[in-house]
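First the structure, in the form of structure tokens, and then the observations on it.
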There are 8 protein chains.
Amino acid sequence: MTLNVYLSGEIHTDWREQITTGAQGLDIAFGAPVTDHAASDDCGVAILGAEDKKFWHDRLGAQVNAIRTRKGIEDADVVVVRFGDKYKQWNAAFDAGMAAALGKSLIILQPEEHDHALKEVDAAALAVARTPQQVVQILEYVLTGALPQ
Amino acid sequence: MTLNVYLSGEIHTDWREQITTGAQGLDIAFGAPVTDHAASDDCGVAILGAEDKKFWHDRLGAQVNAIRTRKGIEDADVVVVRFGDKYKQWNAAFDAGMAAALGKSLIILQPEEHDHALKEVDAAALAVARTPQQVVQILEYVLTGALPQ
Amino acid sequence: MTLNVYLSGEIHTDWREQITTGAQGLDIAFGAPVTDHAASDDCGVAILGAEDKKFWHDRLGAQVNAIRTRKGIEDADVVVVRFGDKYKQWNAAFDAGMAAALGKSLIILQPEEHDHALKEVDAAALAVARTPQQVVQILEYVLTGALPQ
Amino acid sequence: MTLNVYLSGEIHTDWREQITTGAQGLDIAFGAPVTDHAASDDCGVAILGAEDKKFWHDRLGAQVNAIRTRKGIEDADVVVVRFGDKYKQWNAAFDAGMAAALGKSLIILQPEEHDHALKEVDAAALAVARTPQQVVQILEYVLTGALPQ
Amino acid sequence: MTLNVYLSGEIHTDWREQITTGAQGLDIAFGAPVTDHAASDDCGVAILGAEDKKFWHDRLGAQVNAIRTRKGIEDADVVVVRFGDKYKQWNAAFDAGMAAALGKSLIILQPEEHDHALKEVDAAALAVARTPQQVVQILEYVLTGALPQ
Amino acid sequence: MTLNVYLSGEIHTDWREQITTGAQGLDIAFGAPVTDHAASDDCGVAILGAEDKKFWHDRLGAQVNAIRTRKGIEDADVVVVRFGDKYKQWNAAFDAGMAAALGKSLIILQPEEHDHALKEVDAAALAVARTPQQVVQILEYVLTGALPQ
Amino acid sequence: MTLNVYLSGEIHTDWREQITTGAQGLDIAFGAPVTDHAASDDCGVAILGAEDKKFWHDRLGAQVNAIRTRKGIEDADVVVVRFGDKYKQWNAAFDAGMAAALGKSLIILQPEEHDHALKEVDAAALAVARTPQQVVQILEYVLTGALPQ
Amino acid sequence: MTLNVYLSGEIHTDWREQITTGAQGLDIAFGAPVTDHAASDDCGVAILGAEDKKFWHDRLGAQVNAIRTRKGIEDADVVVVRFGDKYKQWNAAFDAGMAAALGKSLIILQPEEHDHALKEVDAAALAVARTPQQVVQILEYVLTGALPQ
């Protein structure tokens, strides 16, 4: 069993590396959005041409990124969505909503301080983790049945 | 043609009333979450019994509310999601993600200041409105073909 | 909003009547299996002719009942599954599995003593209730936003 | 043709080994839940932290296990569900209901004494077997057309 | 509960009338193909213009009839397919295949002499009836729980 | 049986009126896009505000119109797509592609001169009609079984 | 592009060999039912035990065969259904109906004499071939663009 | 991540070669219709036999081509549709409609002069490109996150 896992959400800390490193040796294919913030913001106009209005500048980029996001979520068995300390992160919650509607297994990775604000998102998840290590342990258990020592 | 419209998101201003009042006379069936904030937060424990941990207190409530939300979104032709000035509003973005994945026509109602943070959500929408009146005008046009005077 | 609610499971106590009576005045269309145990067991052979082997006697009946069950679950927004004190009740758990796979909102009604044995079923549910009154209160809240006094 | 077969249900006897051993040489990819009873019961709290209430202890575990179960059933062409002599086994019947709703080919493996109690489950199955050897023979026939000698 | 029942297959005897008459008073909406054999054969060319080749003459008609058939089957909860004594009746078996793939409850109405030839079709059905009266009794039981006296 | 019929495509002649008038007395609910060309082109900017670039002017309008089109096609049993003499009419072919992918019964209404250019579209249709009267006759036959006199 | 092709229907002539031999070198994965008539008829009772009534003898076998058929059709891109000179062949038409409902590309292989009787089935097909060679030529063209010399 | 990309539309210029050459080294599986215009027009009659009427000549060919098109679009993650300067190109718009309804990521490649005529098609797309190089840049960014230098 190969598990397809999509790592959505916050792109400012190294949580994805912690998970992919921790999961080395497990039969997992990881996916993720483009995590270079500047590239992600400007990909639309960089390729398709400049826009005067920021609204359409953003639209071009968000739509190009959606090609990758949509593929990543649709191919996934498990979608991990990380909420960090900063920013609105509405795209993370949007991804979680898509994943839930598509019947994906959802794992939310978030600090406790967001528990109340995330209660609707958490209620659609199969696990609410606090650390990347817990996500690794869940994936290891799901694939091998082994619990953390 | 009856249009089913679900009004998701912010529950602290009267935007829903502005839309339903403005749309009087149109063939629309409106749906919405429970907008009594206290009831919405406590419905789970009020019915199913108290929980010591706030996490489970929230979970019980969020899951009971999900019965209504899921029904509202699945029955809808159009899902309007309102983002306001305050709070994290991740449940609004989550609803938008569900609506998008289910192929619903999505209208986002938000102030310009959120444009960049909402760019992924907006990119999945068929309209980004700034005022409830614009939402009413869209619904009127969709149903009757009439443009605002 | 009319809510379609299917009442699955145990047929030996009056829990369905408690719910439908308690929910009077709410905009709910209730569905249920045939609750006459003898008719339910024998409907196949009574209509299609006797079978020597009990296995096929049961098969004929179960398939005729499935016409009603399948319709009831597929039409439902909410599926309530009641587990009682007696019998194996595998058909109840089977209905719950169907409802979950079809994305229905699932409410489990069961005594605490079954909590551990039902943990996988409960984990797919949006509420685990102990009494029919709690189910009524959930349905009332979902439809009207009113909490029990 | 590779056949994906998920082996659901009873985890106290060696029926899975009998099937996988008997099916050696056939082009089958087998899946199964975690069959270490203690690990399966405690995986949630072992990874995500202890819960005071047994109900939530069970919920955490059941949800983590659901990541594996859901993947296993959704990937399967054939779901074999084994009902043994002991325990309530509602999770087995729940898996059968999910498999049926998802249009999977369902094989039930059960002793005759459960025929009446399982009649609704059996009625959704393409075969009701009494021994693991019969399951192996069905899988061999499905893949190669060869009948038992 | 209104039951939508589509009556597919043989159009040379009055079996449909027997069922609709027998089911008077039950909450059933019946559908059926056009049962005027000549109209059914010629509808395509009568409306769209003559064809030299019988093959295309038939194609035009079959496609126009498919508009009605498809609607009838897709709207149905129950599809009854009648196989008579004469003709190839491949369209009846084709309708049964569509109904099965769409998850409709299938009732086959056929004389015993066709049992072996129809075994794959029957295996997908929830009931195999021999007389229109049995179909009426099934529908009555499904809707009311009442068995034949 | 009520038939939902969506009339897509060319908006410069009175073909829709010919069909709806000709079909009077039949149990049909007709849908259509907004056929006021100017309103259809400008609805986006009229409601949501002016755009400097024609590309975004068009986008705003096309997306608002898509709310109506999507609803109309998804609700339809039959989608009639009319190709006229003028314009590119790519939106008509786009609607036909959506209708085909959604499994709708498709009727194409077009002059013979377009036969070769429309061969892929026609190949997905259940009828290719030349006149609105033929469409009416098809709808009448589908609903009543009556052929034109 | 690998094409998955399921060869359904008549099992008494060598048409499958003609197609698979003729298609050597093409990137095609072929599937088919068990074509050993005796094994196909008796597989149920040979594995699961004898039945007194022929009806249930047939049912056991048809359901075991359905495991293979369902997998074959669901995995297929193209379903070829062959109708021969003899027998009722309702299972062939049933497979065609399933394939059509699942949106598979359908090719019917039949002698002209059955044209009228098969008109509804043919109308759902993308090609009606008379010889296995034509089927090979279609598959070759679909994969390579090469027409027969 | 392997990306499946289907290149639909205009077959008279070398835009497909520009894209596949430009994308060398990227993990992409490209699909396309048969681009030999004569073969595409005549494949039906070349294999299945001549037709007197051009309408049916075209139908045979269009349906054989649909086997390839349908497979290509259904397997795709991304569908690129090219509109050129000449011809009606309704099949291109039809493919775009199918791709949109199936939830594929759609990229439209077209000259600016068609902007207004393609506004409904463009509104369903995640990118509107002017050159094959832009399409390559989008695909590279989607797969690697790298922007053009």
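The values are calculated or read from the model by the stated rules, or taken from the named source; none is laboratory data. Everything numeric here is computed off the predicted structure, so don't read it as measured data. Cβ: placed from backbone, ideal geometry, glycine included. Neighbour counts: every protein chain shown. When the accessible area is computed, the model is the full protein with side chains, heavy atoms only, and any ligands, DNA or RNA have been set aside. Shrake-Rupley method; radii C 1.70, N 1.55, O 1.52, S 1.80 Å.
What the table shows:
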{"quantity": "Filter result (among the acidic types (Asp, Glu) and either closer than 12 Å to residue F:40 by Cβ or touching a helix residue (DSSP H, G or I) at 6+ places or on another chain (Cβ under 6 Å) (or both)) within region F:65-81", "calculated": "F:77"}
{"quantity": "Condition check for residue D:103: under 19 Å from residue C:96 (Cβ atoms) and surrounded by fewer than 17 Cβ atoms within 10 Å (Cβ to Cβ)", "calculated": "yes"}
{"quantity": "Checklist (1) within 12 Å of the chain's Cα centre (by Cα); (2) over 30 Å from residue E:59 (Cα atoms); (3) touching a residue at least 60 places away in the same chain (Cβ under 8 Å) applied to residue H:77, failing item", "calculated": "(1)"}
{"quantity": "From B:54, B:88, residue being of a type in the set (Lys, Arg), under 20 Å from residue A:97 (Cα atoms) and open to solvent by 50 Å² or more (accessible area, probe 1.4 Å)", "calculated": "B:88"}
{"quantity": "Hey, residue F:83 without any contact (Cβ under 8 Å) to a residue 12 or more places away in the chain and either over 16 Å from the mean Cα position of the chain (by Cα) or open to solvent by less than 40 Å² (accessible area, probe 1.4 Å) (or both) or not", "calculated": "no"}
{"quantity": "Pairs with Cβ under 9 Å, 6+ apart, first in region G:12-23 and closer than 14 Å to residue G:36 by Cα, second open to solvent by 50 Å² or more (accessible area, probe 1.4 Å) and of a type in the set (Lys, Arg)", "calculated": "G:12/G:86"}
{"quantity": "Residues within region A:1-51 that are in a loop (DSSP other than H, G, I, E, B), over 30 Å from residue D:6 (Cα atoms) and of a type outside the set (Val, Ile, Thr), tallied", "calculated": "8"}
{"quantity": "Residue B:7 being touching a residue at least 40 places away in the same chain (Cβ under 8 Å), buried (at least 24 other Cβ atoms within 10 Å of the Cβ) and in contact with a strand residue (DSSP E or B) (Cβ under 7 Å, 6 or more places away or on another chain)", "calculated": "yes"}
{"quantity": "Helices (runs of 4 or more DSSP H) within region H:52-149 that include 3 or more residues under 30 Å from residue G:124 (Cβ atoms) and not aliphatic (A, V, I, L, M)", "calculated": "H:54-75, H:90-101"}
{"quantity": "Region C:100-142, residues that are touching a Gly at 6+ places or on another chain (Cβ under 7 Å) and hydroxyl-bearing (Ser, Thr, Tyr)", "calculated": "none"}
{"quantity": "Qualifying residues in region C:120-149 (those that are open to solvent by 20 Å² or more (accessible area, probe 1.4 Å) and among the acidic types (Asp, Glu)) - the one nearest to the other protein chains (Cβ to nearest Cβ)", "calculated": "C:120"}
{"quantity": "Check on residue E:113, more than 14 Å from residue E:9 (Cβ to Cβ) and out of contact with any Phe, Trp or Tyr (no Cβ under 7 Å at 6 or more places or on another chain)", "calculated": "yes"}
{"quantity": "Answer residue from region D:12-29, given it is hydrophobic (A, V, I, L, M, F, W, C) and surrounded by fewer than 20 Cβ atoms within 10 Å (Cβ to Cβ) and is nearest to residue D:146 (Cα to Cα) among those", "calculated": "D:26"}
{"quantity": "Selection within region H:75-92 - facing another protein chain (nearest Cβ under 8 Å) and over 15 Å from residue H:11 (Cβ atoms)", "calculated": "H:75, H:77, H:78"}
{"quantity": "Output for region H:106-119, where each listed residue is closer than 20 Å to residue F:57 by Cβ and either more than 7 Å from chain F (Cβ to nearest Cβ) or within 17 Å of the chain's Cα centre (by Cα) (or both)", "calculated": "H:108, H:110, H:111, H:112, H:113, H:114, H:118"}
{"quantity": "Selection count, region H:32-51, where residues are crowded, with 19+ Cβ neighbours inside 10 Å and under 17 Å from the mean Cα position of the chain (by Cα)", "calculated": "4"}
{"quantity": "Single residue of D:77, D:36 found to be under 30 Å from residue D:135 (Cα atoms) and in contact with a Leu (Cβ under 6 Å, 6 or more places away or on another chain)", "calculated": "D:77"}
{"quantity": "Unmet requirement for residue A:117, which otherwise passes all of (1) over 18 Å from residue D:41 (Cα atoms); (2) hydrophobic (A, V, I, L, M, F, W, C); (3) buried (at least 24 other Cβ atoms within 10 Å of the Cβ)", "calculated": "(3)"}
{"quantity": "Residue among D:72, D:97 that alone is more than 7 Å from every other protein chain (Cβ to nearest Cβ) and either at pLDDT 95 or above or open to solvent by less than 10 Å² (accessible area, probe 1.4 Å) (or both)", "calculated": "D:72"}
